[in-house]
1. Figure the gain on full extension for A:Arg116 and A:Tyr176 (residue separation times 0.36 nm, minus the Cα-Cα span) and round it to one decimal in nm.
2. Could you tell me the center-to-center distance, by alpha carbons, between segment A:182-207 and segment B:229-261 in angstrom?
3. Show me the ranking of peptides B:161-167, B:213-219 by mean Cβ neighbours inside 10 Å, starting with the highest.
4. Once you charge only the Cβ atoms, +1 for Lys and Arg and -1 for Asp and Glu, what is the size of the charge dipole of chain B about its Cα centre, to the nearest 20 debye?
5. Gaussian network model of chain B, Cα springs within a sub-10 Å range: biggest mean-square fluctuation belongs to which of B:Met254, B:Met239, B:Met266?
6. With a sphere of radius 12 Å drawn around the Cβ of B:Arg107, what net charge do the other residues whose Cβ falls strictly inside it have (Lys, Arg +1; Asp, Glu -1)?
7. Quick one: which residues, 5 or more positions from B:Ser201 or on another chain, have an amide H under 5 Å from its amide H? H modelled 1.01 Å from N in the peptide plane, none for Pro or chain starts.
8. Counting only other chains, and only Cβ atoms inside 10 Å, what mean value do you get across the residues of A:229-237?
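Every number here is computed from the coordinates shown, using simple stated rules; none is lab data. Small disclaimer: the values here were computed from a predicted structure and weren't measured. Reconstructed Cβ throughout: ideal geometry from the backbone, glycine too, with neighbour counts over all protein chains shown.
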Amino acid sequence: MSAAPDRPDGCGPVGAAVVPCVVAESLVYNDWSLVWIEAPALARVARPGQFVMVAVPGTAFSLRRPLSLHRVRGDRVALLIERRGEGTRRLARLAAGAEVELSGPLGNGFDIESTRSALLVAGGIGVAPLQFLADELRARRIPSWTFVGLRGERQLPLLEALDLPDQTVATEDGTYGIQGTVIAALDVSTAAAAAVETGAVVFGCGPLPMLVALRDWTSVRGLTGYGSLEAHMACGTGACHGCVVATARGYLRVCADGPVLPLEIIRGATAAVGGVP
Amino acid sequence: MTGGPDLRVRLGSLELLHPVINASGTYDVLAVAGERGLGAVPFSCYVPKTVTPEPRPGNPPPRITETPSGIINAIGLENPGIEAFIADLPRLAGLPVPVIISVGGARPEDYLAVVRRVEERLAGAGVRELPPVAGYELNVSCPNVSAGGLSIGADPGALRELVSAARPLTARLLIAKLTPNVTDIVAPALAAAEAGADAISLINTLKALVLDPVSLRPFLGNRTGGLCGPAIRPIALRMVAEVAASVDLPLIGMGGVTSGQEALEMIACGATAVAVGAATLADPRAPGRIVRELREELAVRSLAGLDDIRGKALRDS
């Protein structure tokens, strides 16, 4: 037996295998960076809602960061990175020509086979995977409406990075669009009413409390919905059980069972499943 | 295998092609190997996630986060229970390396029940559809419910009783995996050795706490967690050296090893095998690289094998 080869066929196998790639372009929008990466093998097979594990450059030891695939164009994939801690700060600084290691695509992604119309609901950086989904829905000529919730003025530059269909924006401080949370915006918007009228499938991504509120909003209206969850991850492949969320089906791994789960099974952060004393 | 230094090591009755194995719970060969097949496993032995008699849901999230040069986790031994584990064993049949089953429990009887059940299955029909099970690693870091939550590994008397009770149940390799959350690591190591363990693995994670920076409340759902990764490597080296100096059993050293050089240091402190965990979580290529680097380290030092290195740190010259 010999050690596992790093890359049995060049930029080949996708999944857990690590693929070194080169940054093609990097654009900064205040607290976010939009980083385009040359990753042909990944770009060929990636589906909206899937994610990649990205090695943090310049650290002696660091877990890879799970980041949603934000867009795919030709041989390139885009990541939309929000600076939160040291890891994402380093990733957000990736400039054109820099080498970066990715593994993926990982996770299940959004299933849109039975979607005839779609309502996309993003909370902040949760917009990252929904742009890829919106691009796919547009390519399939599926009518879609988008709602983006932001905290306030400082986050507005993010909108410049986006290209979403029928976009409604809500800001909590009221500096732009509808004042309030994105869920409050759904309640008052005629666009949301139009989407409900068509029996749209709801796709959400954002903080857990937002997804819980979206679950209730969706269920009251008799719609089907999916939420893409985020979690601190270690392996990204299902081995360590570190990234679980409480659901109606017990603890599920965001990396391997998700990140996309039916909204109806999502539970709040305080929900426990059995548990250990 | 291509020429060069011979990395084979002997763990009691078990011969391994090289010293690098996985730390339990950090590598799922089925998840990682996927369709590429089990042949690509970089470890010389496979230790699945700890199994207990009954299914355990594990701890509430969040369960894991990064700390400086480390990872803190509180998974809570989530596992499907021994019956589901055994039903799933045939999926590992094609594994080219032996399996060591990591055994956990909330009370001593739990460990014995798991060993008994596996032995019963291995003595039954259709054993050729199963992977080669080389032995058991008793994960004695779990809180012992029948002793008020103190872990068996922190109680040399309880550890001695457990290993003594498990010993007659199997002729296979019996390994005690020690917790570092003790004042004196040699006492539980001696207890395991005297009770008939074939090998000792150390160290498990160090009990630790990390706060949410905004709320200033414990970040993990379980409040405390276990720290692993390079941050604990010097502690692991010290404990392996102390046990190696006092106990005449092969040791599986672990704690923050991320390179061939660091694996070599673990061996120099007396380890026979080296388990890799946090490094694999951070980079799935790490285990293969560590084996390669270890071979290079020996070549650079013009050494034919690991025997000249093992325990070198303990000797006067």
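1. The span from A:Arg116 to A:Tyr176 would gain 18.6 nm if fully extended.
2. What the calculation gives is 56 Å, centre to centre.
3. Taking the mean over residues of other Cβ atoms within 10 Å, the ranking is B:161-167, B:213-219.
4. Roughly 260 debye for chain B.
5. Among B:Met254, B:Met239, B:Met266, the largest GNM mean-square fluctuation belongs to B:Met239.
6. Counting the neighbours of B:Arg107, the net charge comes to -4.
7. It is B:Ala176, B:Lys177, B:Leu178, B:Ile252, by chain and number.
8. 6
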